[in-house]
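As structure tokens, the structure follows; a few thoughts come after it.
No value in this document is a laboratory result; all are computed from the given coordinates. Just so it is clear, the structure is predicted and the values come from calculations on it, not from any experiment. With ideal geometry, Cβ positions are generated from the backbone for all residues, glycine too; neighbour counts draw on all protein chains shown.
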Protein chains: 6
Amino acid sequence: MRTATPTHDRYARGRDKLAQVDGSAGEAVVDSLGDLGRHIVEYAFGDVYARPGLSLRNRELAAVAMLAAKGGCEPQLDVHLHAARNVGLTVEELREVLIQVAPYAGFPAAINAMRRLQALEAEEAAL
Amino acid sequence: MRTATPTHDRYARGRDKLAQVDGSAGEAVVDSLGDLGRHIVEYAFGDVYARPGLSLRNRELAAVAMLAAKGGCEPQLDVHLHAARNVGLTVEELREVLIQVAPYAGFPAAINAMRRLQALEAEEAAL
Amino acid sequence: MRTATPTHDRYARGRDKLAQVDGSAGEAVVDSLGDLGRHIVEYAFGDVYARPGLSLRNRELAAVAMLAAKGGCEPQLDVHLHAARNVGLTVEELREVLIQVAPYAGFPAAINAMRRLQALEAEEAAL
Amino acid sequence: MRTATPTHDRYARGRDKLAQVDGSAGEAVVDSLGDLGRHIVEYAFGDVYARPGLSLRNRELAAVAMLAAKGGCEPQLDVHLHAARNVGLTVEELREVLIQVAPYAGFPAAINAMRRLQALEAEEAAL
Amino acid sequence: MRTATPTHDRYARGRDKLAQVDGSAGEAVVDSLGDLGRHIVEYAFGDVYARPGLSLRNRELAAVAMLAAKGGCEPQLDVHLHAARNVGLTVEELREVLIQVAPYAGFPAAINAMRRLQALEAEEAAL
Amino acid sequence: MRTATPTHDRYARGRDKLAQVDGSAGEAVVDSLGDLGRHIVEYAFGDVYARPGLSLRNRELAAVAMLAAKGGCEPQLDVHLHAARNVGLTVEELREVLIQVAPYAGFPAAINAMRRLQALEAEEAAL
């Protein structure tokens with residue numbers, strides 16, 4: 001039997017998960033998006049990211065691969081490359097993921113994503 | 001101040017909305033999809049479709065246009081062409097929407113979607 | 001029997017429809033595009049938008065949904081968000097359409113489109 | 001000064017061009033599509049394919065490449081692989097085009113299109 | 001200084017990696033694709049998959065996520081869901097990846113991919 | 001029998017082909033991309049572009065069509081519009097290709113690509 005999810009704390013749970021994964025950059029994004037931002041907090045982070053069956057490290061690896069393969073998601077790729085670093089992926093691992101985007105989605109998608117990783121590297125080097 | 005959405009009845013609300021929009025075809029889809037199906041009920045129908053700011057007729061018109069323009073979503077297009085009919089769009093209006101897909105997404109996307117509308121018409125004629 | 005469309009006034013009809021829908025922004029776009037612009041006037045506006053079976057309001061609602069769901073069409077989204085306002089859609093209705101883009105095409109597509117609607121709102125507020 | 005295209009014979013011109021490029025397979029497709037089919041005849045064939053600046057051979061080479069790279073357009077790819085053969089491209093040239101799809105759009109798109117070319121080869125071998 | 005990769009054994013290395021990852025299903029695919037299949041062996045498996053910086057488990061997790069998010073890649077998704085199982089991902093982990101496809105690429109892409117995972121589960125249950 | 005490609009000179013061959021097709025702009029791109037750039041040289045140019053079965057002119061015509069139809073590849077479109085000019089395509093022929101993008105992939109894709117061709121024309125006029 002299917003029952004309703006107990007979700008009275010869904011926004012709070014999503015907000016915690018968002019802070020853990022994306023940090024202040026992610027929070028700034030959702031806070032500027034009204035109800036769309038609330039759906040990101042509640043559903044994407046509260047319902048999906050908070051699930052126990054996959055590590056945050058694996059979730060961000062998948063997120064970066066998907067955003068790079070789809071193309072046209074550069075602002076989201078920037079947020080999730082940072083998130084990937086927050087949850088423990090190295091720059092070298094992220095580079096490998098983007099190198100692997102090419103056989104699945106072509107070199108243009110891989111190149112455009114690699115430029116965002118290079119920007120992240122430059123930013124980290126400047127700290 | 002942003003507060004958590006009162007969502008203890010989110011699954012029930014989504015379930016009602018799904019029944020209203022997609023009928024038994026939509027219910028069969030979500031029931032066969034486990035937690036992914038539950039997210040469709042709670043988020044897509046309970047959070048999004050249940051919002052008051054746009055009629056179900058306009059929501060389905062947008063859904064059909066998006067699914068046709070994206071391509072590769074034929075099973076979902078079948079569900080939403082039926083849904084569109086349920087909430088009051090005519091076959092003629094749906095044909096107009098698909099004719100308008102072509103200038104935005106090209107003839108292949110429009111043709112593939114029109115084939116699904118033709119299948120729906122044949123099905124309705126056989127009743 | 002299929003006969004040729006009487007189209008001696010197709011360019012003029014498309015031009016009228018374009019002016020009605022997109023205003024001067026749309027006219028500037030097509031005038032800068034040579035024969036591609038002429039095809040937009042004659043086919044997209046003269047042949048498709050001029051058809052009677054769907055209101056301009058519904059046509060622009062579908063156009064905004066498709067452009068947002070496809071992604072990478074930000075210049076066209078700007079033109080059609082303005083067009084949508086011209087033919088009677090409210091900012092609130094457009095926000096609902098973009099909130100509904102997420103379950104069909106993902107949050108990145110919805111976010112990128114919402115940024116363009118926010119830019120339009122800022123522009124309208126500054127008038 | 002921009003003037004209206006003389007288009008009273010646009011349907012006839014598109015119909016001739018369609019017959020020349022796609023043969024009876026293309027004619028069957030457009031005849032089954034109502035006004036969407038008429039737009040394909042008048043705009044895609046009457047306005048675009050009938051233009052003198054690019055050979056039909058080059059137009060079909062571009063069409064096959066685009067359809068393969070986009071994905072999800074298998075019915076249209078079948079029509080245009082046949083069309084490409086009609087206007088003089090060899091199976092070897094088409095195979096080269098599809099091999100080149102991979103670096104731009106990934107192996108999945110290239111493989112799915114290569115399957116359609118293999119089906120065409122089998123069909124030609126059976127004649 | 002950049003030097004040429006020693007690649008005289010590239011085909012053999014790719015072939016070993018392909019056998020390790022995709023098993024006989026992958027080998028059947030590349031053997032049926034001529035030079036396109038050879039490129040898959042040499043470049044995708046010999047050059048990319050054989051790189052040390054990311055585990056095969058992570059590579060397949062990324063592959064499944066990308067194929068699901070792109071859509072229209074069902075045959076490739078079948079191969080890589082099997083490959084993912086071969087290199088140690090559980091059905092539960094794959095289900096989590098597909099549940100996470102929805103917030104990035106929408107429910108239609110997630111549903112279509114989940115159907116392929118369900119087919120794999122049925123196949124495994126029948127063994 | 002399938003044998004390994006003799007590839008000890010694959011990087012050099014790809015490098016020559018890249019210089020011939022894309023000139024210094026292409027070389028700057030691959031040199032800034034690390035191993036991803038090496039894969040572009042070795043596989044895309046050494047393995048694919050160096051094949052004899054299709055002229056460079058036809059390869060660039062297909063590349064421009066694919067990049068335009070996919071969308072979101074503006075940096076790559078700039079490189080390949082220049083490459084297309086290098087291998088003998090005229091601005092008029094490229095304009096025809098982009099006009100033909102519209103019926104296959106919609107006007108937004110065609111318009112965004114035409115803007116890049118217009119930028120190339122302005123650049124050539126300024127020389």
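Summary of values
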{"read-out": "Axis proximity, chain D to E: residue whose C-beta lies nearest, plus whole-Å distance", "value": "D:Gly72, 2"}
{"read-out": "Pairs of Cα atoms farther than 13 Å apart, the range B:70-127, %", "value": "59 percent"}
{"read-out": "Over chain A: helical MRE at 222 nm, DSSP H runs n ≥ 4 each giving -39500 (n - 2.57), nearest 500", "value": "-23000 deg cm²/dmol"}
{"read-out": "Mean Cα-pair separation over length for chain B, i.e. relative contact order, pairs under 8 Å, 6 or more apart, %", "value": "23 percent"}
{"read-out": "Label spacing, shortest first and in nm, from C:Pro75 to its equivalents in the remaining copies (7 angstrom along Cα→Cβ)", "value": "1.9, 1.9, 3.3, 3.7, 3.8"}
{"read-out": "Within-11-Å neighbourhood charge of B:Gly72 [Cβ basis; K, R +1; D, E -1]", "value": "0"}
{"read-out": "Inter-copy separations for A:Ser24, label at 7 Å along Cα-Cβ, nm, ascending", "value": "4.3, 4.3, 5.7, 5.8, 7.2"}
{"read-out": "Mean shadow area of chain E, taken as a quarter of the surface of its Cα convex hull (nm²)", "value": "9.0 nm²"}
{"read-out": "Dipole magnitude (debye, nearest 20) for the protein assembly as shown, charges at Cβ of Lys, Arg, Asp, Glu", "value": "0 debye"}
{"read-out": "P(r) histogram, all alpha-carbon pairs of the range A:35-101 included - 10 Å bins from 0, percent", "value": "21, 51, 26, 2"}
{"read-out": "Pseudo-label separations to other copies for F:Pro52 - Cα-to-Cβ vector, 7 Å, nm", "value": "3.7, 4.0, 6.4, 6.4, 7.4"}
{"read-out": "Relative contact order computed over the range B:36-93 (Cα-Cα under 8 Å; 6+ residues apart), in percent", "value": "32 percent"}
{"read-out": "Cα lying deepest toward the dipole's positive end in chain D, options D:Gly23, D:Gly106, D:Leu120, charges on Cβ", "value": "D:Gly106"}
{"read-out": "Within chain F: Cβ-based charge dipole about Cα centre, in debye rounded to nearest 20 (Lys, Arg +1; Asp, Glu -1)", "value": "460 debye"}
{"read-out": "Neighbour-count ranking [beta-carbon atoms within 10 angstrom, fewest first] of F:His82, D:His80", "value": "F:His82, D:His80"}
{"read-out": "Cα-Cα pairs of the protein assembly as shown separated by more than 44 Å (percent)", "value": "21 percent"}
{"read-out": "Neighbourhood charge, 9 Å Cβ-Cβ cut-off, centred on F:Tyr49 and excluding it, Lys, Arg +1 and Asp, Glu -1", "value": "+2"}
